[in-house]
Structure formats: C-alpha cells, structure tokens
Amino acid sequence: MSPKLRPYQFYDTAVSICATCFRRVDAKIVFQDGAVWMLKRCRDHGARRVLIADDIDYYKRAREIFVKTPEQVARYNTPVRYGCPYDCGVCPDHEQHGCTLLIEVTDACNLRCPTCYAMSGPERQNHRSLGQIEAMLDLAVRNEGEPSIVQISGGEPTIHPRFFEIMDAARRRPIQHLMVNTNGIRIANEPGFAERLKEYEPNLEVYLQFDSFRAKALKVLRGADARRTHERALETLNALNVATTLVVTVRRGVNDDELGEIIEFARTQTCVRGVTFQPVQAAGRLDEYAGGFDLERDRLTLTEVRRRVLEQSDLFAPEDILPVPCHADSVAMAYALKLDGEFVPLTGLIDPEVLVEGGRNTIAYEKESAVQAKLFDLFSTHHSPGTQTGAMNDFLAAMPASGSLSELSYANIFRILIVQFIDAHSFDLRSIRKSCVHIVHPDGKRAIPFDTYNMLYRDDLEHTLLAEIRREREPTKLNGPISARVHVDG
Amino acid sequence: MDNRVKSCCAGFYELPIVAELLGNELHPGGSVLTRKLAGAALVGRDSVVLDVACGCGESARLLATHFGCRTVGVDYSKDKIARAITLAEEASLSERVGFVHGDAERLPFDAGSFDVVICECSLCTFPNLAVALEEMHRVLRPGGRLGISDVVLNEAVPATLQDVFGRALCISGALSIDGYRDELVSAGFSAIRCLDVSSALSDMVAKIERRAGMIGNLLDREQIELPEGVCVSRSRIAEAQRFVKARGVGYALISGRKPRDG
C-alpha cells in the first residue's frame with residue numbers, strides 16, 4: 001500500500017482573519033502546484049484557499065534571507081489590549097516603524113474610481129481643517145522624529161481649498177521627503193499650479209497616478225479616460241523637471257499586460273524617477289467589481305506582478321528585483337542608474353550569490369559582507385531619496401572601479417517598486433506586523449498600517465465592525481509586547 | 001561519427017559506475033541550480049517547458065512539482081526515456097510530465113510549442129551546438145525563454161583531459177561566456193544574460209573525487225576502468241580539479257529570449 005500523502009508541502013502555520021467576518025482564524029502556509037497558498041478555516045464561514053505567491057523560491061527567500069532587525073517608532077500610540085490586528089495605532093507589538101506616512105487631507109475627489117480603497121468621490125466634500133491636518137503632521141513627527149517620507153494624500157489632496165497651506169505646514173516640520181499623491185488633473189489643467197508645487201523642491205515628489213495607455217482599462221480602474229490628463233500633466237512636470245513617480249494600480253486582466261510598456265515609457269520621461277506598481281487591495285468599493293470581488297479573477301500577488309515586469313521588460317533580471325528587508329513580504333524593489341540615457345541595473349552590479357546565499361558562501365562572505373551590508377542599507381525604504389544617493393554612493397565606493405560614479409544625484413536613480421498591500425484574504429499576522437506604510441488617523445493620535453486601516457479602521461469601520469469584534473474579545477491585562485517591557489505612550 | 005559520439009555520450013551516463021561516481025547529482029549544482037535556472041528562464045505555473053537532454057527526468061519532475069508547470073523531456077537515450085516515463089508514473093506526475101525520445105538537433109516538436117526550453121549541462125556535448133540552439137529557438141513561442149546551464153571554458157583544455165572522459169565531463173566541447181553569447185545571438189536569441197555559478201562545478205568535482213576515492217579504496221585499485229577506453233584515476237580527477245580551481249573552467253547559467261515579434 002502506498003503511503004497516504006498530503007497534496008502539498010507544509011511550510012508553516014499562520015494566524016489570519018476570515019475575509020467575511022474579520023475574526024482571527026488559524027491558517028497554514030503550504031506549497032502546492034508551484035505556488036504558495038494560505039489555507040484557513042472560519043468557524044462560521046468555512047474554509048478558504050488563497051494564493052499568496054506564485055513563486056515559491058522568491059517567497060522563501062523573502063522570509064528566510066531578507067531578515068533585518070526592526071526599527072521602531074519613537075512612541076507607541078496604542079496599548080496592546082484585544083490582540084493583533086485589533087489594537088492598531090502603532091501598538092508595542094508592531095515590528096516596524098513607518099517608512100512612509102500618509103496624511104489624508106480630504107475624502108473629496110474629482111474622480112470616483114471603482115478601485116478606490118478609500119471610497120473617495122465628489123459626493124464626499126469633507127475636507128479636513130488645517131488645524132486637524134497640523135495635528136496629523138505632528139503625530140507623524142512624534143512617531144518618527146524626522147519622518148522619511150510623508151505623503152499628502154486623500155481623496156485628491158490638490159483640490160483641498162487650503163492645499164498650499166498644508167504644504168507649508170508640512171515644510172515647517174522636519175520631514176525628509178514630501179510626496180503629493182495625485183491623479184494629476186490639477187497639474188494638467190491649471191496653469192501655474194505645477195510651478196507653485198516646484199517651489200517645495202528639493203525633497204518634493206509627485207506621486208502620479210498612471211495606470212494604463214488604454215482608454216478601456218482606464219475606464220475600468222478610474223471610471224474615466226485619463227489619457228489626456230496623463231499626457232498634459234507629464235508635459236508640465238517634464239518641462240519643470242519635478243521629480244515624479246508613476247503609480248500604477250494593477251488589476252489582473254485589465255492592465256497587467258502593460259507593465260513593460262509603462263517602464264519603457266517612464267524611461268523616456270525626464271521627470272520620472274521610477275514606477276511603483278500596486279496590485280489592487282481587496283478593500284473599498286468592492287461592489288463595483290462585476291459580480292463582486294472575485295479572488296481568482298481580480299487578485300494579483302506581488303510575485304505575479306514581479307513576473308510580469310520581468311516578462312514584459314528587459315531592463316531587469318530576476319536577481320535585480322529583490323525583497324525590501326523592512327517588509328520583505330510586501331515590498332520588492334529594483335534600482336537602476338540612469339547615466340547619459342543609459343540604464344544600468346544596480347543590483348546586477350554585485351554578485352547575486354552574495355545577496356542570495358549570504359553566509360553560506362563562506363569564501364566570498366568575509367570579503368563581500370561589507371557590500372551586502374551596504375545593499376541592505378540601500379534597500380531600506382525608510383531611506384528618503386536624499387539619503388538614498390548617499391547610501392548608493394557608499395555602496396558604489398565599496399565596488400571596484402566605480403570611482404567615476406561618485407557624483408550622483410537623485411535624478412540619476414530609476415527605481416521600480418512593487419507594493420502589495422495585505423487584505424483580509426491574504427492576511428498573515430506575521431507579515432502584517434511589519435507593515436511600514438502607515439496612515440495617520442484623522443484623530444491625530446494614531447498611525448495605522450495601511451493594510452489594516454482599510455480593513456478595520458477607516459471611516460465607520462472602527463465603530464461598527466471592529467467594535468463588535470472587540471466586544472467579543474477578552475482584553476489582555478498585560479500592557480506591552482510579548483517579549484519585552486516597553487514604554488507605551490497612550 | 002556524430003551519431004557515434006551522441007550515443008556514446010548518452011550511453012556513458014547510463015553506466016552504473018558513472019551513476020555511482022556522480023551520485024544523484026547528474027549536473028553541477030543539482031536541484032538547487034535547476035531551480036535557479038528555471039527562475040532565470042521565468043518558468044511559472046502556466047509555462048509549458050521543454051527539457052532538452054532530460055536524462056531520467058529528474059529536472060522535469062522537479063519543475064512540475066516546484067513550479068507547477070507542464071514539462072516535456074526529450075533525450076537521445078531510449079532507455080533513459082523509458083525510465084523517465086516509469087519514474088513520472090510512480091510520482092503520479094504523468095499528467096504534467098511527458099517524455100519523448102529524440103535528437104536535440106532535430107527536435108520532434110512543432111515550431112512555437114513551448115514557453116521555455118531548458119538544457120542542463122548538455123549543450124556543449126552536442127556535436128553541432130549551433131543546430132541544437134536553432135532547434136530550441138524554433139520550438140519556442142515568440143517571447144519564450146531559453147535557459148542553459150553549462151561548463152564555461154576560459155582556457156584551452158590540457159592535452160591530458162582531451163579525450164572522451166573530458167567530453168563526458170562536458171569540458172572539451174565547452175565555450176567561453178562570449179562564445180555562448182555569440183552562439184545564442186546567431187541562433188536568434190536576445191536579452192541574453194549570464195550568471196557565473198562556478199562554485200557548483202568545483203563542488204561537484206570534489207564530490208566525484210571523494211566517491212572515486214571510496215570506490216578505488218573499496219576495490220583496492222588506483223584507477224577505475226570504464227568502457228570506451230575511459231579510465232578514472234585519482235590523479236586525473238585531481239588534474240581536472242586543479243583546472244577548475246585555476247578558473248580555466250567554470251560553470252554558468254545563460255538565459256535568452258526569442259524576440260516577441262519573431
């Protein structure tokens with residue numbers, strides 16, 4: 001008789017939440033059919049199998065190799081009471097500070113995108129007051145000291161009636177890099193607007209929505225054909241050379257075949273410093289999906305986006321697109337140097353064995369460990385672009401025959417970033433604790449991971465769904481993290 | 001002549017004594033490097049992969065289980081193909097893994113049949129490498145990827161290694177990195193990338209050295225006689241290892257893409 005075998009390889013147990021009721025459930029991580037799956041079962045809503053990654057080796061490498069000592073926020077915002085993810089704030093059990101802090105200055109938007117995780121739209125005219133926004137900025141500074149990246153977001157932040165006063169308020173604070181997350185409509189349509197934005201340089205970046213070259217895909221993602229807006233906004237930003245990142249919301253079957261084309265386009269734009277790909281998070285307007293959000297049809301994982309980038313563009317090889325150690329599950333990054341129109345993938349310059357095999361390669365390790373440290377340094381997203389160049393210079397100085405590259409600036413960097421936000425389907429407590437993109441709560445008292453904010457904390461969710469879950473849970477008396485005594489600033 | 005070398009070479013690996021010398025690792029780097037090669041060639045769950053010179057199908061089975069793809073193996077040895085089919089059945093992989101007897105220089109497949117073609121540690125043993133690469137190019141779909149792992153020759157092979165043994169260890173027919181690159185370009189590939197993984201080769205020779213030492217000691221003799229006039233001795237293996245360590249020879253992963261409009 002042949003032995004009874006599982007149809008998969010068992011890798012780990014996990015704590016997840018049910019995608020229907022958001023209660024914590026037991027889960028396991030398994031490898032099957034060339035992919036990483038989460039199997040979980042809710043007492044009330046049954047069993048689910050969720051695709052976590054379509055690349056087992058990349059997934060394992062991110063979890064096992066790209067491990068780094070977590071950096072903490074200066075002050076925790078909330079105590080540990082109900083257990084993760086019901087205490088977000090940042091609480092003392094969180095394992096990463098905020099690499100990027102979002103300040104949502106308004107819920108209003110001049111678009112009403114079917115994919116919006118924030119459910120913004122023209123019907124929501126509640127702009128936050130300047131006083132409230134200042135309190136939110138203060139929280140960012142209190143948590144981070146000198147926040148690496150603060151992103152003014154929304155809604156559409158540029159339609160806030162006091163937008164430039166908000167920018168001034170941000171600039172008065174010790175923020176290393178200020179980003180404006182925008183659909184580009186105001187930049188495209190209002191003469192002089194981009195010129196005013198440019199006055200906030202250096203350390204300013206436009207985070208420009210740019211999903212597709214096709215009207216049909218834009219209609220699906222944005223509810224409008226934004227091509228003319230893209231064109232005019234980029235024309236203006238190029239003319240002024242305002243540092244810009246193209247942000248691509250990627251949805252399976254809609255625009256996931258255009259990633260290579262977008263990278264090629266980005267390379268030709270003077271102002272563009274990189275492209276950020278964000279697969280849609282199952283949050284917000286899920287009812288806008290035909291027949292509801294469909295796991296198989298609509299979800300796209302980080303490794304699937306990475307695979308498409310590699311298939312559709314020849315700029316980067318697999319060894320160039322690496323996990324970012326601060327949140328290795330959710331963020332992947334590749335750098336290239338832009339020199340006289342030539343693009344040199346930076347990560348391709350070092351022996352990939354050093355990165356991947358690390359300590360195992362005993363001969364090279366001694367010699368190369370300094371290089372490895374530099375690279376980890378470089379790959380931390382908490383480096384704002386100003387210090388990125390410094391880290392890159394240090395890194396290149398450690399390389400042989402690179403002396404001529406010592407005079408680099410941010411304009412020489414081209415960066416591909418893949419950011420996958422965790423949703424209720426893919427929720428893995430191990431990973432959620434490393435979330436490093438935080439949304440500052442409008443109460444000005446908390447910074448909540450992007451991932452859990454959209455699941456449990458946005459708008460009324462905290463008072464309805466989350467309140468109900470909290471009522472069921474026994475609050476812990478131990479106010480602190482599991483393993484250490486830490487001061488909590490409530 | 002060419003057919004004689006091909007069958008001799010394929011037959012060489014079927015010898016129990018050779019299997020004993022190599023252990024389960026029929027090419028440098030073993031399954032770790034196979035996975036890396038498949039990664040470089042972007043093998044995914046939806047891929048249909050051809051493994052040229054697949055042997056008994058170790059890699060084909062690994063790719064099917066680890067990458068979830070469908071794999072077809074082709075090999076010049078009918079016995080190997082028969083064995084590969086049996087092993088795939090035993091592993092309950094017959095639905096995803098298939099094997100066909102055939103010649104790398106005349107692949108028995110229609111043009112554009114595969115997303116990925118891999119060829120591990122075998123290209124340089126083919127008498128006509130250029131024709132084999134053209135065949136791999138033909139059976140790939142436009143935009144499909146090629147992944148080669150093979151011995152890289154940086155210096156001329158010493159005279160004492162210039163025999164069938166050298167060929168069987170894939171040393172004599174190997175090219176330099178630039179040589180492979182040129183061959184891939186001539187066959188119509190673009191986006192060519194090379195990854196130096198030479199440590200896999202010296203690890204493998206060290207392993208053979210240990211195993212040969214064990215076999216030699218067990219049988220109380222200095223050298224192991226193989227058919228075709230090949231003999232393995234400690235001094236010959238040591239000579240091969242010196243050549244590897246001096247970087248006269250190395251190992252590399254080479255990948256390329258068939259143009260998307262081709």
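When A:Ile263 is tested against (1) assigned to a loop (DSSP other than H, G, I, E, B); (2) farther than 16 Å from A:Gly184 by Cβ, exactly one condition is not met: (1).
Of all residues assigned to the range A:333-349, none qualifies as being surrounded by fewer than 17 Cβ atoms within 10 Å (Cβ to Cβ), in a loop (DSSP other than H, G, I, E, B) and modelled with pLDDT of 75 or more. Residue pairs whose Cβ atoms lie under 7 Å apart, separated by 6 or more positions or on different chains, with the first residue in the range A:182-200 and over 19 Å from A:Leu102 (Cβ atoms) and the second outside any helix (DSSP H, G or I), are A:Ile185/A:Asn110; A:Ala194/A:Val242; A:Lys198/A:Val242.
The single condition among (1) within 14 Å of another protein chain (Cβ to nearest Cβ); (2) free of Cβ contacts under 8 Å to residues at least 60 places away in the same chain that B:Gly112 does not satisfy is (1).
Per this entry, B:Val97 is not counted among residues that are touching a Lys or Arg at 6+ places or on another chain (Cβ under 7 Å), within 12 Å of chain A (Cβ to nearest Cβ), in contact (Cβ under 8 Å) with a residue 40 or more places away in the chain and buried (at least 21 other Cβ atoms within 10 Å of the Cβ). Under the condition of being within 19 Å of A:Gln269 (Cα to Cα), assigned to a loop (DSSP other than H, G, I, E, B) and of a type in the set (D, E, K, R), which residue from the range A:176-212 is modelled with the lowest pLDDT? Checking each candidate, the answer is A:Glu201. Among residues belonging to the range A:266-313 that are within 14 Å of another protein chain (Cβ to nearest Cβ), polar (S, T, N, Q) and part of a loop (DSSP other than H, G, I, E, B), point out the one that is farthest from B:Ala38 (Cα to Cα). Residue satisfying both the conditions and the ranking: A:Thr301.
The residue list A:Lys28, A:Lys40 contains one member that is among the charged types (D, E, K, R), surrounded by 21 or more Cβ atoms within 10 Å (Cβ to Cβ) and away from every other protein chain (no Cβ under 13 Å), which is A:Lys40. Tally up the residues in the range A:22-64 that are in contact (Cβ under 8 Å) with a residue 24 or more places away in the chain, among the charged types (D, E, K, R) and closer than 19 Å to A:Glu296 by Cβ, please. Total satisfying the criteria: 4.
Based on what the data block shows, is A:Gln9 polar (S, T, N, Q) and within 12 Å of another protein chain (Cβ to nearest Cβ)? Judged against the criteria, A:Gln9 is a match. Just one of (1) surrounded by fewer than 23 Cβ atoms within 10 Å (Cβ to Cβ); (2) without any contact (Cβ under 8 Å) to a residue 40 or more places away in the chain; (3) within 28 Å of A:Pro449 (Cβ to Cβ) fails for A:Thr158. It is (1). All of (1) over 16 Å from A:Asp451 (Cβ atoms); (2) within 14 Å of another protein chain (Cβ to nearest Cβ); (3) surrounded by 17 or more Cβ atoms within 10 Å (Cβ to Cβ) hold for A:Ile52 with one exception: (1). Between B:Gly188, B:Gly179, B:Gly213, B:Gly173, the distinction of being modelled with pLDDT of 70 or more, touching a Pro at 6+ places or on another chain (Cβ under 9 Å) and either closer than 30 Å to A:Leu310 by Cβ or part of a helix (DSSP H, G or I) (or both) belongs to B:Gly188 only.
Looking at the structure I just gave you, is B:Val197 in contact with a strand residue (DSSP E or B) (Cβ under 8 Å, 6 or more places away or on another chain), within 14 Å of another protein chain (Cβ to nearest Cβ) and surrounded by 18 or more Cβ atoms within 10 Å (Cβ to Cβ)? Against the criterion (in contact with a strand residue (DSSP E or B) (Cβ under 8 Å, 6 or more places away or on another chain), within 14 Å of another protein chain (Cβ to nearest Cβ) and surrounded by 18 or more Cβ atoms within 10 Å (Cβ to Cβ)), B:Val197 qualifies. Taking (1) surrounded by fewer than 18 Cβ atoms within 10 Å (Cβ to Cβ); (2) in contact with a strand residue (DSSP E or B) (Cβ under 6 Å, 6 or more places away or on another chain); (3) closer than 30 Å to A:Ala317 by Cα in turn, A:Ala47 satisfies each apart from (3).
Checking A:Glu319, A:Glu357 one by one, the residue that is modelled with pLDDT under 80, within 14 Å of B:Leu195 (Cβ to Cβ), within 14 Å of chain B (Cβ to nearest Cβ) and in a helix (DSSP H, G or I) is A:Glu357 and no other.
Which of the residues belonging to the range A:188-208 are within 18 Å of A:Ser153 (Cα to Cα), within 23 Å of the chain's Cα centre (by Cα) and not charged (D, E, K, R)? Across the range A:188-208, the qualifying residues are A:Asn203, A:Leu204, A:Val206, A:Tyr207, A:Leu208.
If we scan the range A:84-105, do we find a residue that is within 20 Å of the chain's Cα centre (by Cα), at negative phi and within 14 Å of another protein chain (Cβ to nearest Cβ)? No, that holds for no residue. Mind checking which residues of the range B:45-54 are surrounded by fewer than 24 Cβ atoms within 10 Å (Cβ to Cβ) and either among the small types (Gly, Ala, Ser) or within 11 Å of chain A (Cβ to nearest Cβ) (or both)? Those that are surrounded by fewer than 24 Cβ atoms within 10 Å (Cβ to Cβ) and either among the small types (Gly, Ala, Ser) or within 11 Å of chain A (Cβ to nearest Cβ) (or both): B:Arg45, B:Asp46, B:Ser47. Taken over the range B:41-76, the residue count meeting the criterion of being over 19 Å from A:Tyr8 (Cα atoms) and touching a Phe, Trp or Tyr at 6+ places or on another chain (Cβ under 8 Å) is 13. Looking at the range A:423-448, which of the residues that are buried (at least 24 other Cβ atoms within 10 Å of the Cβ) and under 10 Å from the mean Cα position of the chain (by Cα) is farthest from A:Ala62 (Cα to Cα)? My answer is A:His438. Restricting the range A:1-34 to residues that are of a type in the set (Gly, Ala, Ser) and in contact with a strand residue (DSSP E or B) (Cβ under 6 Å, 6 or more places away or on another chain), the residue that is nearest to A:Phe421 (Cα to Cα) is A:Ser16.
Based on what the data block shows, is A:Thr268 free of Cβ contacts under 8 Å to residues at least 24 places away in the same chain and among the β-branched types (Val, Ile, Thr)? When the stated conditions are applied, A:Thr268 passes them.
Residues of the range B:38-89 that are polar (S, T, N, Q) and in contact with a Cys (Cβ under 8 Å, 6 or more places away or on another chain): B:Ser47 alone. Candidates in the range B:65-95 are the residues that are among the small types (Gly, Ala, Ser) and part of a helix (DSSP H, G or I); of these, the one that is farthest from A:Asp33 (Cα to Cα) is B:Ala82. When A:Ala35 is tested against (1) out of contact with any Phe, Trp or Tyr (no Cβ under 8 Å at 6 or more places or on another chain); (2) more than 14 Å from every other protein chain (Cβ to nearest Cβ); (3) under 27 Å from A:Leu322 (Cβ atoms), just one condition goes unmet, and that condition is (2). Taking the criterion of being out of contact with any strand residue (DSSP E or B) (no Cβ under 8 Å at 6 or more places or on another chain) and over 18 Å from B:Thr71 (Cα atoms), the residues of the range B:103-128 that qualify are B:Glu105, B:Arg106, B:Thr125, B:Phe126, B:Pro127, B:Asn128. Whether any residue in the range B:57-74 is free of Cβ contacts under 8 Å to residues at least 24 places away in the same chain, within 14 Å of chain A (Cβ to nearest Cβ) and not small (Gly, Ala, Ser) is what I want to check. No - not one qualifying residue is present in the range B:57-74.
The values are calculated or read from the model by the stated rules, or taken from the named source; none is laboratory data. Keep in mind it's a predicted model, so treat the numbers as computed, not measured. When we count neighbours, we look across all protein chains shown, and the Cβ atoms used for this are built from the backbone with ideal geometry, even at glycine.
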